[in-house]
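Before any comments, here is the structure.
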Amino acid sequence: MKNITVIGAGTMGNGIAHVFAMKGFSVAMVDVSETALEKGLANISKNLDRMITKGTITEADKPTILKNISTHSSFEYSANSDLVVEAATENIQLKLKIFTELDQICNASTILASNTSSISITKIAAATKRADKVIGMHFMNPVPVMKLIEVIRGYATSDTTTNTIMELSKQLDKIPVEVNDYPGFVANRILMPMINEAIYSLYENVAGVNEIDTVMKLGMAHPMGPLQLADFIGLDVCLSILNVLYNGFGNQKYAPCPLLINMVTAGYHGIKSGEGFYKYTAGNKELVISERFL
């Protein structure tokens, strides 16, 4: 594989483009928004600067890596790609539309992967005529730092496709773990109920934001508490994943907490909106609990 297309220039998309470009792949980053493409490239540049500061790469490496990335606003450029990785919003209808279009545009040999964190790969594959070549590549955020790639095998995904993606993931210096296609896969099937329970603990006044996060950090050796992590992921994304779990399994234990639903409805999505369980201001690295929970 040499030519990679990444659909989406947001946090996950530009991170995925970054890691492929670092390993010498030719990467086309595609987004319908020119502004998103500009921001995506700027973010990659900033992350490369951080890597230079840490000594992970040299100053001379940066222009070479950036040269490996081109930006485009049309899917047409993905026609001759060896692999397309979709990293669009976690919305099933949007993903089905994207994969239907990609299936019509791309060469028959092109593997189509989704970075979805919860949506059925089997369902996504059914929107194409190449279900054997559709697979999940769930990168973790931040992509350049996190080692895991959850490789999700759909019902019709072939051994050849799975083995190709497992080996490709290793070329990126990642650790791939193969899992089967059930709602939430492994990562979010375990993580999201924990986050949801933390929100319920706050909702039911068991403890405050700081207390809940401190217990999990000090007692369970988590690098950040579940409420802070929810803000980092995006409360809207957490709600979307919980709904996939709830609808997929029909089990009440996955039902999203009413507090989470209200916060998302009101526009409090965490870091991306400036406020969730914590309040975020530009340049301030100190965690400040939202006034609503004091």
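Quick look at the values:
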{"item": "Unsatisfied cross-links (Cα-Cα over 20 Å) in the set LYS2/LYS54; LYS97/LYS272; LYS217/LYS285; LYS39/LYS62", "result": "LYS2/LYS54; LYS97/LYS272"}
{"item": "Whole-Hz couplings from phi, Karplus 6.51/-1.76/1.60, listed for segment 214-228; x for Gly and Pro", "result": "5, 4, 6, 6, 7, x, 10, 6, 7, x, 9, x, x, 6, 5"}
{"item": "Taking all pairs of distinct alpha-carbon atoms in segment 221-294, Kirkwood radius in angstrom", "result": "13.0"}
{"item": "In sequence order, calculated HN-Hα J values of segment 235-244 (Karplus, 6.51, -1.76, 1.60; Hz; x Gly/Pro)", "result": "5, 5, 5, 4, 4, 4, 5, 4, 5, 4"}
{"item": "Local electrostatic count at PRO256 - Lys and Arg +1, Asp and Glu -1, tallied over other residues with Cβ under 13 Å", "result": "-1"}
{"item": "Nitroxide proxy distance, nm - points 7 Å out along Cα→Cβ at ASN141 and GLU167", "result": "3.3"}
{"item": "Extension reserve of the ASN91-GLU197 stretch, reckoned as 0.36 nm per residue once the Cα distance is removed", "result": "35.8 nm"}
{"item": "Sequence-separation-based contact order of the chain, relative, with Cα cut under 8 Å and 6+ spacing, percent", "result": "12"}
{"item": "Neighbour net charge for VAL6 - beta-carbon separation under 14 angstrom, K R +1, D E -1", "result": "-2"}
{"item": "Per-pair calculated FRET efficiency, R0 = 22 Å: LYS253 and GLU204 via Cβ, rounded to 0.05", "result": "0.90"}
{"item": "Reachable aspartates and glutamates from LYS46, criterion Cα separation under 17 angstrom, eight or more residues apart if same chain", "result": "GLU38, GLU59, ASP61"}
{"item": "Per-residue [θ]222 nm for the chain (sum of -39500 (n - 2.57) over DSSP H runs n ≥ 4, rounded to 500)", "result": "-14000 deg cm²/dmol"}
{"item": "Model label zone, THR100; criterion: amide N under 19 Å from point 7 Å along Cα-to-beta-carbon; scope segment 24-54", "result": "32"}
{"item": "DSSP-defined antiparallel bridges as percent of all bridges, the chain, nearest 5", "result": "25"}
{"item": "Computed label-point distance, nm, for sites VAL288 and VAL32 using a 7 Å Cα→Cβ extension", "result": "3.6"}
{"item": "By average C-beta atoms within 10 angstrom, highest first, the peptides 38-47, 13-22", "result": "13-22, 38-47"}
{"item": "Net charge of Cβ neighbours under 13 Å - reference GLY208; Lys, Arg +1; Asp, Glu -1", "result": "-3"}
{"item": "Residue pairs, from the table LYS123/LYS253; LYS23/LYS174; LYS253/LYS279; LYS67/LYS174; LYS95/LYS174, whose Cα atoms sit over 18 Å apart", "result": "LYS123/LYS253; LYS253/LYS279; LYS67/LYS174; LYS95/LYS174"}
{"item": "ASN243-VAL215 FRET efficiency (beta carbon distance; Förster radius 22 Å; 0.05 resolution)", "result": "0.25"}
{"item": "Positive-end extreme of charge dipole, segment 188-293 - chosen from LEU245, ASN196, ALA282 (charges on Cβ)", "result": "LEU245"}
{"item": "Separation in nanometres of the label points that stand 7 Å from Cα toward Cβ, at ILE271 and GLU178", "result": "3.3"}
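Bear in mind these aren't lab numbers, they're just calculated from the coordinates by the rules spelled out. All values reported here derive from a predicted model rather than from experimental measurement. Here Cβ is always computed from backbone atoms with ideal geometry, including for glycine, and neighbour counts include all displayed protein chains.
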